[in-house]
Each structure stands twice: as structure tokens, then as C-alpha cells.
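The next block holds one structure in the form of C-alpha cells; read it before the comments.
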Amino acid sequence: MENKTLIIETGKKCLKDEANALINIISHIGDDFVKAVELIHNCKGKFIITGVGKSGHVGRKIAATLASLGTPSFFVNPLDAFHGDLGMFDPADVVMAISYSGNTDELLRFIPMLIDRKIPIIGMSGNPNSLLAQYSQCHLNVAVEREADPLNLAPTSSTTCQIAMGDALACALVKVRNFKDTDFAQFHPGGSLGKKLLSKVKDYMVSINLPVVSLDMKISDTIIEISKTKQGIAVVLENNVIVGVVTDGDVRRAMKNNQDEFFSLTVQDIMSTTPKTINYMSKLTEAGEKMREFNIHSLIVVDDSNQFVGIIDAFQCL
């Protein structure tokens, strides 16, 4: 393609311009940012984000991010507020209004209604001297020198900085609220994170056709027992008490070290007597952490009476 070089260089320049714009707004994080976080954190009602056009799209994204990180928030189009949605606003609420110019007519016609109801306003714009900034209790400055698009017309660097400022608010609120990964999982129960953080070992362990061997079982029979499941392990029981485990690695090492006598060996000769176990009601994340700690790929699952009830491996913890 003749324009290949031009396309690549233009793409790189866009990313560099937006990266520089983000670096430049770091210096805008100050007292107003702190006040914005405090207003949101102390909000007794709803946190509502509003904006028009591209700023509206950004507002929807910020609201979604905040909601997933423990700050109940949602987006309202200011145009809809003129047609009945104003009824959902309450003095206990906090509103963040986004407009890059800070002088968007549709937004400014909406602001006096909020002021009349004594609803605190956080303004986000690229103009600290704008009407929006003047109407706001605190102002988040997302000014950029120019847009990243070659014509300096389409919102590119400016919307990137708006989104990033919203992310900065969300991250600060995570710290202020002491929001944990387990809290995050509560809002994402259907995803992989929800599986890891909310599920218990009993939900994913293998509990049928379990590989069990005795102390005096021959190696040949032990290999067959280990092959019952994909865990590569068999549990050694004596009077229903776990006394050890035999892994496929134990078998390979025994074969290498005892070539002539290999098939005369018994489980007792090659087993590990310090098996790692986990309670069936433990979190799946705990099982994964324990396997990483001991550099093993399977755990023996026990019940509250320390009876063998299953096996869980690293793949089930992914």
C-alpha cells in the first residue's frame, strides 16, 4: 500500500499526542480534585453525571466505571431533564456536569435548576474560566493544547482526558472507600473474576471416581488409579485417614531411580507423606494461592472432619 508509511506515522502521532495530553493534565490534580472525591464519597443520595454529545458518551462511561467500583452512579441527558427527568434529582444528590467548552448551551440551561435545588455540582471542562466552572463547587480541568486529529476539530485528546479524569476519580474513591477485589466481584458475579472471588472449592472440585490407593498397593495398580482423573494424583488412605499422596511425578522419579526394582515397589515406597489439603468451603482464590505458594498443581480437598472428599487442580482455579 502506497500510504502505508503515512498511515503508521499518523496513528503513532495520534497516540503520542493523546499520551502527552494525559501527562499535561496530571498537574491539574489538586484541591478541586480532592473536593470532588469528598463530595462523591459523602453523597447521601445519587451521584448523577450529565453531558451533551461526546461529553455525554464520556459521562456514560464514567458512570459505568464508578458503579462497578462501588459508587452508585448513572447518566442523565440534560435534554431529558427538561421533559420530566428533573424529578429524579434531589438535594441529597451530587451532579457532575461535563462539557469541554464549559459553555454548552443545553447544559447551562439545565444548571440553574440544580442550583435552585441546592444540588452540589462538580464541573469538568477544558476552560477553568467557563460558566460551568463558575457555577460548580469544584472544577476538574481537562484542558488540552490541541486535539489529536490532524484537523484539530474532532474531540480526541479532550475526550481521552475526560475519560482519564473520570478514571482518576474512580481510583481515588476505591482507596477512600477501602474497596476490595471481593467487593468488585459482588458487582461482577457472572464473570471470571466473580468465579474466582465468590466460588468455593466445593463448586469446582472433582468428587466422583476419586483415585484412592493403599500403602501396600503395587506401582502398576497405582498408575492405573492415578490415570482415573486428569489431576495426576492419587490419595493414600489408611482407615479412611489421609496418610499421603502419589503423583505422576513420584512415579516418574521412582522409575528413573529404581529401574530394575520399579514394579516391585509399593505406594509406601514412593509416596509423599506431607500432602497439601484445603477445606471444601474455602474460596477458589485461596486454593489457587496455596498451589502457587507450594508450586504444586493439585490440592486434596477435605471436609470439616478432615475426611477426603475431592481433588482440585490449578486449571479449575483459572
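The values are calculated or read from the model by the stated rules, or taken from the named source; none is laboratory data. A quick note: this is a predicted structure, and the numbers were derived from the prediction, not measured. Note that we place each Cβ from the backbone using ideal geometry, even for glycine, and neighbour counts take in every protein chain shown. For accessibility, only protein heavy atoms count, side chains too; no ligands or nucleic acids. Shrake-Rupley method; radii C 1.70, N 1.55, O 1.52, S 1.80 Å.
With n ≥ 4 as the cut-off for DSSP H runs, can you work out [θ] at 222 nm for the chain, using -39500 (n - 2.57) per run divided by the number of residues, rounded to the nearest 500?
Working: 15 runs with 138 residues, N = 318.
Helix contribution divided over all residues of the chain: -12500 deg cm²/dmol.
So between Glu38 and Glu238, what do we pick up on full extension, going 0.36 nm a residue minus the alpha carbon distance? Working shown, then result.
Details: separation 200, 0.36 × 200 = 72.00 nm, distance 6.12 nm.
Here the answer is 65.9 nm.
What's the extension gain from Ser214 to Phe74 if we count 0.36 nm per residue and subtract their Cα-Cα distance? Working shown, then result.
Details: separation 140, 0.36 × 140 = 50.40 nm, distance 6.09 nm.
Computed gain between Ser214 and Phe74 is 44.3 nm.
Just how much of Asp105 is accessible, in Å², when a 1.4 Å probe is used and the result is rounded to the nearest 10?
90 Å²
So how far apart, in nm, are the two label points at Asp167 and Phe262 if each is 7 Å from Cα heading toward Cβ?
5.4 nm
What's the carbon and sulfur percent of the chain's accessible surface, probe 1.4 angstrom, rounded to a whole number? Kindly include the intermediate steps, with their values, before the conclusion.
Values: 9090 of 16980 Å².
Heavy-atom surface of the chain belonging to carbon and sulfur, 1.4 Å probe: 54 percent.
How much length, in nm to one decimal, is gained on full extension between Ala19 and Arg117, taken as 0.36 nm per residue of separation minus their Cα-Cα distance?
Values: separation 98, 0.36 × 98 = 35.28 nm, distance 3.90 nm.
Working it through step by step, the gained length comes to 31.4 nm.
Among DSSP bridges having both ends in the chain, what percentage is antiparallel? Round to the nearest 5. Please list the in-between numbers first.
On the way: 15 of 36 bridges.
So the antiparallel bridges amount to about 40 percent of the total.
Report the FRET efficiency, 1/(1 + (r/R0)^6), for Ser227 and Glu145, where r is their Cβ-Cβ distance and R0 is 51 Å, rounded to 0.05. Don't skip to the end; give the middle numbers.
Numbers: r = 66 Å, r/R0 = 1.30.
Working from the Cβ atoms, E equals 0.15.
What share of Cα pairs, in percent, lie more than 34 angstrom apart in the chain? Let's see the in-between values first.
Working: 25340 of 50403 pairs.
Everything past 34 Å amounts to 50 percent.
Please compute the Cα-Cα pair-distance distribution of segment 1-96 with 5 Å bins starting at 0, giving whole percents from short to long.
Using 5 Å bins, I get a P(r) of 3, 11, 14, 16, 18, 11, 8, 7, 5, 3, 2, 1 for segment 1-96.
Counting other Cβ atoms within 10 Å, which trypsin sites (Lys or Arg not before Pro) in segment 1-77 have at most 10 and lie in a DSSP loop?
Numbers: sites: Lys4, Lys12, Lys13, Lys16, Lys35, Lys44, Lys46, Lys54, Arg60, Lys61; in loops: Lys44, Lys46.
Sites meeting the loop and neighbour criteria: Lys44.
Averaged per residue, what accessible area in Å² does the chain show with a 1.4 Å probe, protein chains only?
In whole numbers, the chain has 53 Å² accessible per residue.
Can you give the Rg to Rh ratio of segment 52-135, both from alpha-carbon atoms, with Rh computed by the Kirkwood formula?
Numbers: Rg = 12.2 Å, Rh = 13.1 Å.
Using Cα coordinates only, the ratio equals 0.94.
What distance in nm separates the two pseudo spin-label positions at Thr277 and Asp303, each 7 Å out from Cα along the beta-carbon direction?
Distance between the two pseudo-spin positions: 1.3 nm.
Just want to confirm a number: the relative contact order over the chain, from Cα pairs under 8 angstrom separated by 6+ residues, in percent.
Values: 536 pairs, mean separation 43.7, N = 318.
Reported as a whole number, the value is 14 percent.
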